[in-house]
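The values are calculated or read from the model by the stated rules, or taken from the named source; none is laboratory data. In this text, all values refer to a predicted model and were calculated from it rather than measured experimentally. Counting neighbours? That spans all protein chains shown, and the Cβs are built from the backbone with ideal geometry, glycine included.
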There are 2 protein chains.
Amino acid sequence: MNLSEKLANYIINTNYDDLPEDVVEFTKLCMLDYFGSAIAGSKKEPIQKIDELVREMGGKSQASLITGGRSSVYQSALLNGASSHIVEQDDIHKESIIHAATVVIPAALAVAEWKNLSGKDLINAVVVGYEVSYRIGEAVSSSHYYYWHNTATCGTFGSAAAVAKLLELSKEQIVHTLGNAGTQAAGLWEFIEDGAMSKQLHPGKAAMNGLISALLAEKDFTSAQKILEGKRGFFEAMSEGYNVSKITDNLGDEYKILENSFKIHASCRHTHHSIDLMIELANERDIKLEDIDRIMVKTYQVAINITDNKKPVTQYESKFSLQFCTALALLKGQGNLEIFNENTLWDEDVRKLMSRVDVIADEEIDARYPSKWGAIVEVYLKTGETIRKETDYPKGDPENAVSKHELLQKFRRLGKTWSESDRERLSTMVLNLEQLGTVRNLLSLSKVT
Amino acid sequence: MNLSEKLANYIINTNYDDLPEDVVEFTKLCMLDYFGSAIAGSKKEPIQKIDELVREMGGKSQASLITGGRSSVYQSALLNGASSHIVEQDDIHKESIIHAATVVIPAALAVAEWKNLSGKDLINAVVVGYEVSYRIGEAVSSSHYYYWHNTATCGTFGSAAAVAKLLELSKEQIVHTLGNAGTQAAGLWEFIEDGAMSKQLHPGKAAMNGLISALLAEKDFTSAQKILEGKRGFFEAMSEGYNVSKITDNLGDEYKILENSFKIHASCRHTHHSIDLMIELANERDIKLEDIDRIMVKTYQVAINITDNKKPVTQYESKFSLQFCTALALLKGQGNLEIFNENTLWDEDVRKLMSRVDVIADEEIDARYPSKWGAIVEVYLKTGETIRKETDYPKGDPENAVSKHELLQKFRRLGKTWSESDRERLSTMVLNLEQLGTVRNLLSLSKVT
């Protein structure tokens, strides 16, 4: 059996009634977390532009838009996917380096709404979509990740898998779904050099493309049988090395969604270790700018590749600057959405401190990545004292978990553009999702202000 | 200036009034040739499935569908792009190995129709789209081509460029158009192993994705500035080596659309050299199956990679089998659309002869590729006689050109599902395109039967 067939069997055989209770509970938290990010993103400029495109093109009234109103399922997936990947608070999986929610959930939600499916159906599809995304991401990590925004590339398979489950496709059709997902997989990291809006286009298009693959497969539109391992397939074309066992080991016997990490700070995950340590330090001692000679952040190479930036000029870039985030967290004692703003971006003290922050790759930390996204921060005081802090697990990792209460608080903070009653209504529905006979009203009745 | 800026300047500075007359005349032939393939493809199963998807999703009535009726511009581009890449008769550029028509023309047509633009506008946009596709394709050929269906990947830039021209985008907006085109570029050759329908999805999605890029850029949606040459950009991620001068040399001083080749035979271009030679032989001598001991086809490596297949089981696969095409052409003396059918696919004589055809890469021919798509065919007769034929330029290359009359005949043959009056009306309009004040009625009034 080829890999697509193995994944197809897994998708067919995964049923809601067999899901352990902790998986159901955790999946609902992932969905709540998705909605917080999606609502927070919906007012941002890139999302407003995609919203304009979606309304310009038009489409049947099949699924809700996070910006209000409805459109075709694939336009809903496009917009709602883009919207939850902008405030840098969406979930992340360490081993595959994938944000699955922003691709899998909008696609699954659109189709579940369109087909009038139940909360249980939606939960099950999300579990399946995460599993497939994460496994493919792990198989190609980390050479793939250097060039490719794998939330988008691997996420396309996850969107496709989730929708294939909801549409109850046959094994053959699921193989075609995966094949056409893989051949549409795209998204280059080059946009990061300019902090460009492509970042939001990627997960939106991944959600949409995965959905298109499943809708076409439902009509028996065919694809490559071996899109993953074939000689001109995804693995060979888009990675330098890959590990097939990551796709197959324990497939169906474990639930990778449980490995999901939640983001409490509103910046790139690769900055969270240092933010955690600096907040901890700020809480322990009153350290002022003038006390500090310099700061050294030692971490894994990928974090350096993505976040070594001493001169962020936009809020967006600042969230991808390890130097900025480190300085901000120490001086402000926070890393949440509100603390990243135009004032703090140009705050003189933050700018002065960040100029004294050096970031380097550390061989030992790098060897533990991506199982552990660790950092050591050394703060050299002018007195000669050195404060050294270290973490292997940023807050929100399964090993350093956040509580349901903390996630609800995060959701309320991110969802503040909605009225309190709409917010509470949505969170209550999501946290009791398995009891909903239809997900049709999940978003469509919410008032968008 | 980075490459995207150079291309943006070229796009802005290319105006219809400066186009040489031969470029205008040739571009109209490219468009006529596009419509023939698109009409012939529109009844095929994969296109009917995409048509079903497009109607299922719905969209505003902005642009014509080759299957009849109208939809949003990007759904029109998706369907009309897919439709002209199925009967294996769409045009091809040797140096870049790109079929530009099937991606560039549907995107440009949809937008020109939507915005009620003129025939001159459309011609100019098509010239620009071809130029950009071909140059990017040449820059990454041929390492890119091993994994990537570059009609789709490089074509995405061409679609984007053509639409950017029609929308009169600014230099900055065009840079963003190209950036978001590049980061959506996708399409793996793996589908060829199974002769799958992904082949049609690729150019359709490329047309659609390029269009999305330009529509978003019109709203100042941003992208990478250096999508081509950046360290995590298109060149580095998707090719082993690349040649930047192919983008910039003589840019604006020449018209690469004039290098376009037309396909007279209804199979993969990499089989045409041998088909030409076998038709020539069949016309010269009456050679029967029983006269032939074996046939040796020597050609360039890429042709072998794509078309070495002794066991085609579908018509589609047979068009990608050099062995099949060689045998068919010698026994039937033809290579047109009609001769590829279910009867000839399983014709006993063709099957017997193809089992005696060997195909190998020839070092000297390979060294001349892709400037020359050549082959030597040696036919070993049972009498001991060897007939040797050689070509550097398959029929339809600029060096072995087809006439306007031949292209009109091809169009009429491919467009036969339309009534004669509709066909004649369309061809007359296309061949006088520069006189049309609006392209709105080009397809929309045609009767689709």
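Things to note:
- Just one residue in the set A:Glu364, A:Glu342, A:Glu378, A:Glu399 is assigned by TED's automatic domain parsing to the domain that holds A:Asp291, free of Cβ contacts under 8 Å to residues at least 12 places away in the same chain and not aromatic (Phe, Trp, Tyr); that residue is A:Glu364.
- Some residue of the range A:43-58 being more than 11 Å from every other protein chain (Cβ to nearest Cβ) and either among the basic types (Lys, Arg) or buried (at least 24 other Cβ atoms within 10 Å of the Cβ) (or both): yes
- In the range B:246-260, the count of residues that are farther than 22 Å from B:Val127 by Cβ and not aromatic (Phe, Trp, Tyr) is zero.
- Of all residues assigned to the range A:329-336, none qualifies as being assigned to a loop (DSSP other than H, G, I, E, B), in the same structural domain as A:Cys30 (by TED's automatic domain parsing), in contact (Cβ under 8 Å) with a residue 24 or more places away in the chain and not aromatic (Phe, Trp, Tyr).
- Within the range B:216-227, the set of residues being under 16 Å from A:His202 (Cα atoms) and within 9 Å of chain A (Cβ to nearest Cβ) comprises B:Leu216, B:Phe221, B:Thr222, B:Ser223, B:Ala224, B:Ile227.
- Restricting the range A:366-402 to residues that are among the aliphatic types (A, V, I, L, M) and farther than 15 Å from A:Phe26 by Cα, the residue that is surrounded by the fewest Cβ atoms within 10 Å (Cβ to Cβ): A:Ala367
- Here A:Ala161 fulfils each of the conditions (1) of a type in the set (Gly, Ala, Ser); (2) within 10 Å of chain B (Cβ to nearest Cβ); (3) within 17 Å of A:Pro203 (Cβ to Cβ) apart from (2).
- The set of residues from the range A:228-263 being within 16 Å of A:Asn9 (Cα to Cα) and touching a Leu at 6+ places or on another chain (Cβ under 9 Å) comprises A:Leu228, A:Ile247, A:Thr248, A:Leu251, A:Tyr255.
- Test: residue in the range A:303-313 that is aliphatic (A, V, I, L, M), in the same structural domain as A:Leu330 (by TED's automatic domain parsing), under 22 Å from A:Ile360 (Cα atoms) and exposed (fewer than 14 other Cβ atoms within 10 Å of the Cβ): yes
- Condition met for A:Tyr145 (of a type in the set (Phe, Trp, Tyr), modelled with pLDDT under 95, more than 24 Å from A:Ser64 (Cα to Cα) and outside the structural domain of A:Ala303 (by TED's automatic domain parsing)): yes
- Of the candidates B:Asp249, B:Asp286, the single residue that is more than 22 Å from the chain's Cα centre (by Cα), assigned by TED's automatic domain parsing to the domain that holds B:Ile98 and among the charged types (D, E, K, R) is B:Asp249.
- Selection from the range A:185-209 of residues that are among the charged types (D, E, K, R) and either more than 7 Å from chain B (Cβ to nearest Cβ) or over 16 Å from A:Val103 (Cβ atoms) (or both): A:Glu190, A:Glu193, A:Asp194, A:Lys199
- B:Asn15 fulfils the conditions (1) surrounded by fewer than 16 Cβ atoms within 10 Å (Cβ to Cβ); (2) closer than 29 Å to A:Met57 by Cα; (3) in contact with a Lys or Arg (Cβ under 9 Å, 6 or more places away or on another chain); (4) not hydrophobic (A, V, I, L, M, F, W, C) except for a single criterion, (3).
- Only strands (runs of 3 or more DSSP E) whose full extent lies in the range B:337-446 are considered here, and the ones with at least 3 residues that are out of contact with any helix residue (DSSP H, G or I) (no Cβ under 6 Å at 6 or more places or on another chain) are B:375-381, B:386-391.
- Within the range B:68-99, restricting attention to residues that are part of a loop (DSSP other than H, G, I, E, B) and touching a Gly at 6+ places or on another chain (Cβ under 6 Å), the residue that is farthest from B:Cys30 (Cα to Cα) is B:Ser72.
- The residues in the range B:213-234 that are in a loop (DSSP other than H, G, I, E, B) and not charged (D, E, K, R) can be counted, and the count is 9.
- Residue, surrounded by the most Cβ atoms within 10 Å (Cβ to Cβ), within the range A:60-90, restricted to residues that are in contact with a strand residue (DSSP E or B) (Cβ under 8 Å, 6 or more places away or on another chain) and of a type in the set (D, E, K, R): A:Arg70
- Restricting attention to the range B:319-377, the residues that are among the hydroxyl-bearing types (Ser, Thr, Tyr) and over 30 Å from B:Lys246 (Cα atoms) total 4.
Each row is one residue, and each column tells you yes or no for (1) more than 20 Å from A:Asp91 (Cα to Cα); (2) assigned to a loop (DSSP other than H, G, I, E, B); (3) aromatic (Phe, Trp, Tyr); (4) free of Cβ contacts under 8 Å to residues at least 60 places away in the same chain.
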| position | (1), (2), (3), (4) |
| --- | --- |
| A:Ser267 | no, yes, no, no |
| A:Ser274 | no, no, no, no |
| A:Ala303 | no, no, no, no |
| A:Phe320 | no, yes, yes, no |
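- Taking the criterion of being hydroxyl-bearing (Ser, Thr, Tyr) and surrounded by 24 or more Cβ atoms within 10 Å (Cβ to Cβ), the residues of the range B:156-215 that qualify are B:Thr156, B:Ser159, B:Thr177, B:Thr183, B:Ser198, B:Ser213.
- Residue in the range A:403-411 that is more than 30 Å from A:Leu65 (Cβ to Cβ), crowded, with 17+ Cβ neighbours inside 10 Å and either acidic (Asp, Glu) or touching a residue at least 24 places away in the same chain (Cβ under 8 Å) (or both) present: no
- Test set (1) buried (at least 20 other Cβ atoms within 10 Å of the Cβ); (2) touching a strand residue (DSSP E or B) at 6+ places or on another chain (Cβ under 9 Å); (3) more than 14 Å from chain B (Cβ to nearest Cβ) - A:Glu280 fails condition number: (1)
- The condition of being more than 20 Å from B:Leu109 (Cα to Cα), out of contact with any Leu (no Cβ under 6 Å at 6 or more places or on another chain), free of Cβ contacts under 8 Å to residues at least 24 places away in the same chain and within 11 Å of another protein chain (Cβ to nearest Cβ) does not hold for B:Glu21.
- Meets criteria (within 7 Å of chain B (Cβ to nearest Cβ), part of a helix (DSSP H, G or I) and surrounded by fewer than 24 Cβ atoms within 10 Å (Cβ to Cβ)) for A:Ala237: yes
- Search result, residues across the range B:113-142 that are crowded, with 24+ Cβ neighbours inside 10 Å and either at pLDDT below 95 or among the polar types (S, T, N, Q) (or both): B:Asn124, B:Ser133, B:Ser141
- When each of A:Gln334, A:Gln323 is tested for being surrounded by 17 or more Cβ atoms within 10 Å (Cβ to Cβ), modelled with pLDDT of 95 or more and of a type outside the set (A, V, I, L, M, F, W, C), the lone residue that passes is A:Gln323.
- Residues located in the range B:339-357, provided they are within 27 Å of the chain's Cα centre (by Cα) and among the acidic types (Asp, Glu): B:Glu342
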